[in-house]
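The values are calculated or read from the model by the stated rules, or taken from the named source; none is laboratory data. Computed from a prediction, not measured in an experiment: that's the story for all the values here. FYI the Cβ positions are ideal-geometry reconstructions off the backbone, even for glycines, and counts take in every protein chain you see. Quick note on the areas: whole protein, heavy atoms, side chains included, nothing else; ligands and nucleic acids left out. Shrake-Rupley method; radii C 1.70, N 1.55, O 1.52, S 1.80 Å.
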Amino acid sequence: VQLQASGGGLVQSGGSLRLSCAASRRSFSIFVMGWYRQAPGKQRELVATVNREGYTNYGEFVEGRFIISRDMARNTVTLQMDSLKPEDTGVYYCNAIIRGLPDFWGQGTQVTVSS
């Protein structure tokens, strides 16, 4: 599976960004899609995931500011990020899980939130 991420950029604190990730494989074979992020000097952490049934899971730091959605017909997952904070700065990676296979990762997209 190839994952193509887009939508990162520079935004001021309190602003919004929308990340999108397109998968090269039919969505039904992908059990979970989601986003992780990594800030300089820190470990990669969960941002949000959504499974085939639409159940979502968010990192504790999200606190209702982000919404993840999945379009099964278009093989895409989207992360709407509002009320961004400087501590949200990092590289955001798209992730896909297919049962029995290692995780798939996109190339990463930079998100920078200025104060």
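Here is how the numbers come out for the structure above:
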{"read-out": "Radius of gyration and maximum dimension Dmax of segment 68-115, Cα, Å", "value": "13.4, 43"}
{"read-out": "Positive-end extreme of charge dipole, the chain - chosen from Pro40, Gly9, Val77 (charges on Cβ)", "value": "Val77"}
{"read-out": "Cβ-placed point charges (K, R +1; D, E -1), dipole of the chain about Cα centre in debye, nearest 20", "value": "380 debye"}
{"read-out": "Sulfur and carbon atoms: percent of accessible area, segment 1-57 [1.4 Å]", "value": "45 percent"}
{"read-out": "Ranked packing of 100-108, 5-13, 77-85, most packed first, by mean Cβ within 10 Å", "value": "77-85, 5-13, 100-108"}
{"read-out": "Long-range Cα-Cα pairs in segment 29-80 (distance over 13 Å), rounded percent", "value": "57 percent"}
{"read-out": "Principal axis dimensions, the chain - Cα atoms, whole angstrom, descending", "value": "41, 25, 23"}
{"read-out": "Spacing of the two label points (7 Å from each Cα toward its C-beta) at Arg18 and Leu46, in nm", "value": "2.6 nm"}
{"read-out": "Between segment 67-90 and segment 1-64, the alpha-carbon center distance in angstrom", "value": "5 Å"}
